[in-house]
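Since the structure comes first, as structure tokens, the remarks are kept for the end.
The values are calculated or read from the model by the stated rules, or taken from the named source; none is laboratory data. This is a predicted model, so every value here is computed, not measured. We place every Cβ from the backbone using ideal geometry, glycine too, and count neighbours over all the protein chains shown. Note: accessible area is taken over every heavy atom of the protein model, side chains too, but ligands, DNA and RNA are not part of it. Shrake-Rupley method; radii C 1.70, N 1.55, O 1.52, S 1.80 Å.
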Amino acid sequence: MSGAGGQQDVDIDLGGLFRAIWQRRTRVLLATVGAAALAFGVAKLVAPAYESETRVLIESREPEFSSPNQPSQTGSDRMFDESGIASQVQVLRSVDLIKQVARNMKLHELEEFDPSAQPSAASDLLVMLGLRKNPLELPPEERILKEFNTKLQVYQVEKSRVIAIAFTSKDPKLAAAIPDEMAKVYLSLQSGAKLDSNSEASRWLEPEIANLREKVREAEAKVAAYRAESGLLPTGETENFATRQLTDISTELARGRAERANTAARAEGVRAALADGRPVDTITDIVGSPMIQRLKENQAALQAQLADLSTALLDGHPRLKGLKSQLEGIQAQIRAETRKILSSLDNEAKVGQLREQQLLQQLNALKAQSAQAGEEEVGLRALEREAAAQRQLLETYLARYREATSRTVANATPADARVISNAVVPTVASFPKVAPITIVAALASFLIICVVIMLGELFSGRALRPGSDSGRMPETAVPATTLAVDEAPASIATVEEPTEESRVAQEPSIAAEHDFSIESVAEHLLGNGIRVAVAVSPGGDEGSTATVMLARLLAEEEHKVVLIDLSGSACPTRLMAQSLHLPGITNLLSGEVAFTQTIHADRFSEAHIIPQGDADPHVAMRGIERLQMIIDALTNAYDLVLVECGAADPAAVAKVARGEEVEIIVSAPSVSEEKIIEELTSFGEAGYRDIVLMTGSGDGGPELPDRRAA
């Protein structure tokens, strides 16, 4: 659709692009096959290269006797993170490691690793001309290192602690040997680095241990001297002498108080029993007295005798009186002995009280001594902490020294890596891959040729078509200012009056078969390769409609057709264009629009149309000489340029049909035979030899006596 300001959107005709490729299919096929053959030959000529790979797993390989909690393990653990694995990749690509591998395998003797040692004549010429630096100026090791790096690949396997070492070489055995040697040298360097680290640790620890021993001795001597000066003699792990003595006195005081209280309670019990006249036989202190027990035994014996004699003697008998007197004496002795026990308990309570007072005095004195000892013990604790710290550091250094010295022997410190996959000698070359290279070259050449053809079609304009509006054009009357070729002034072009001889020689010929259908005319145009055809419609819009049908039929046959509307009624424009107001041939002749803005798509086919346009026809006629150039330009982009001239006469058609290969089509459906013969005669007299009659059907033509009759 045309936009603001008369601008016209242009679409790309994808079908036209593919048709252009298909028309040149032979050329495309030959170029593709040639590129594939060339790639195949080059791939076969290239010397094959072989690739092999060794894989190394990074893991801790500490001996089993080593504790995982030892500080020496920390360095190995750092190798297991992402940055640690990446660091090991760089170690494997290090210059020192590669040089060691080159020396071990004597790579300097191989031409593959030092191709510059035997330069070619072309290389020497470039060096002489100063276009290339002399490679022999570099040391041999640098040249080998440069070539080695181009063949080496070291990378971390994704999401793992595995490092792959891949090497490419012309010799398959060498391609497998170099990765294995690199892994061997890497493990050796790692193990050697550990040995060096342990040796350096041992050398550094020896003087440090000697210095720490002296410091520990001095710290412990200070502790002992401070204890002696302050009297803080140790009596246990957490007590000194003053604290221990205070504890003992406190314990003794508590025990003395308990004993005194117990004795006083016992004495009070005996005193209460005596005061109340209660028997004292139940009191423990009384019962437990040996003297009381003997007196009780004598009392029991006397009571037994008294009971025996009481049965035979009277109460006044001297014997009974004597026994009773003895019994009273024993009871008096018991009472006296009880008082002695009570007095003994009182004395014991008094002694306990005195002892308690003495212990309390000693306790108070020890409290003062203990407080002073606590203040002095602060300094002692500081000295002990210093001595303990020095001792602990000495023990740590001694443990590390023993571990380091035990690992200075061979095979005691394995590398934190191991080979999990050795390289194998490859049997198939990794480069060149003949089949993939050939296929890729064929596909690339095919795509490049197709792109070139498409670009040629796009730049030439043959694959461009104007955009179409979605709405249909209302069939309205054509403005009175439209250009009609048959109404053009005679001064624009002149036709010479033919002579009698030329008139006879130029009589028109009609098709041998009386088939004047649109299909027959289309076959005639295609079969003869007609590029420009001028249609004349003596009957008016019916003939123009048949011309439109001819254009659409040719478009269905996948031929690129453009129709130029030069009719006075603009019938083709109404039938094909999306709008009557699209820029067309009059605008182009007037110079108002660009060439591509006048070409529009047919609403119902793949054909294109250049409508009449809406410019002033008088202004357009001033540029009528440009019409032939426009038609010539269209023949470069289209297979057929069809010009509909309406009811034009031979003089008007002469302005359009100036080329020798222009075909004249008389589109005359529903036109009488006399009118058709008249038209054919007039064109024959104008000098047109080959005229095609199109009546729209196969049997509607005139009854002609011979081919050359008109």
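Here residue 64 fits the description: open to solvent by 80 Å² or more (accessible area, probe 1.4 Å) and modelled with pLDDT under 90.
Remark: pairs (first residue in region 616-630, open to solvent by 50 Å² or more (accessible area, probe 1.4 Å); second residue of a type in the set (Ser, Thr, Tyr); Cβ separation under 6 Å; 6+ apart in sequence or on different chains) = 619/590.
Look at (1) at pLDDT below 50; (2) not in a helix (DSSP H, G or I) and you find that residue 538 fails only one, number (1). Within region 574-583, being crowded, with 21+ Cβ neighbours inside 10 Å and either in a strand (DSSP E or B) or out of contact with any Lys or Arg (no Cβ under 9 Å at 6 or more places or on another chain) (or both) holds for 574, 582, 583.
Here is a yes/no grid of residues against (1) at positive phi; (2) out of contact with any Asp or Glu (no Cβ under 8 Å at 6 or more places or on another chain); (3) surrounded by 13 or more Cβ atoms within 10 Å (Cβ to Cβ):
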residue	(1), (2), (3)
421	no, no, yes
424	no, yes, yes
427	no, yes, no
435	no, yes, no
441	no, yes, yes
447	no, yes, no
459	no, yes, no
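Among the residues of region 532-554, those that are open to solvent by 10 Å² or more (accessible area, probe 1.4 Å) and under 57 Å from the mean Cα position of the chain (by Cα) comprise 552, 553. Residues considered: 187, 152. Of these, the only one that is farther than 13 Å from residue 424 by Cα and in contact with a helix residue (DSSP H, G or I) (Cβ under 9 Å, 6 or more places away or on another chain) is 152. Residue 567 meets all of the listed conditions (1) more than 24 Å from residue 626 (Cβ to Cβ); (2) at pLDDT below 90; (3) assigned by the TED database to the domain that holds residue 626 but one, namely (1). One residue alone among 646, 584, 591 is without any contact (Cβ under 8 Å) to a residue 40 or more places away in the chain and touching a helix residue (DSSP H, G or I) at 6+ places or on another chain (Cβ under 8 Å), and that residue is 584.
Evaluate the following for residue 657: is it small (Gly, Ala, Ser), modelled with pLDDT under 85, farther than 18 Å from residue 516 by Cβ and crowded, with 17+ Cβ neighbours inside 10 Å? It is true that residue 657 is small (Gly, Ala, Ser), modelled with pLDDT under 85, farther than 18 Å from residue 516 by Cβ and crowded, with 17+ Cβ neighbours inside 10 Å.
Residues checked against (1) outside any helix (DSSP H, G or I); (2) of a type outside the set (A, V, I, L, M, F, W, C); (3) within 26 Å of residue 268 (Cα to Cα):
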{"site": "300", "(1), (2), (3)": "no, no, no"}
{"site": "303", "(1), (2), (3)": "no, yes, no"}
{"site": "306", "(1), (2), (3)": "no, no, no"}
{"site": "313", "(1), (2), (3)": "yes, no, no"}
{"site": "316", "(1), (2), (3)": "yes, yes, no"}
{"site": "322", "(1), (2), (3)": "no, yes, no"}
{"site": "331", "(1), (2), (3)": "no, yes, yes"}
{"site": "335", "(1), (2), (3)": "no, yes, yes"}
{"site": "338", "(1), (2), (3)": "no, yes, yes"}
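One residue stands out in region 82-129 among those that are open to solvent by less than 70 Å² (accessible area, probe 1.4 Å) and outside any helix (DSSP H, G or I): the one that is modelled with the highest pLDDT, namely 94.
Pairs linking a residue in region 246-259 that is small (Gly, Ala, Ser) to a residue that is open to solvent by 60 Å² or more (accessible area, probe 1.4 Å), with Cβ atoms under 8 Å and 6 or more positions apart or on different chains, are 256/355. Count of region 541-573 residues, restricted to those that are closer than 20 Å to residue 596 by Cα and not in a loop (DSSP other than H, G, I, E, B), is 9.
Screening residue 322 with (1) over 30 Å from residue 363 (Cα atoms); (2) open to solvent by less than 50 Å² (accessible area, probe 1.4 Å); (3) touching a residue at least 24 places away in the same chain (Cβ under 8 Å) gives one miss only, at (3).
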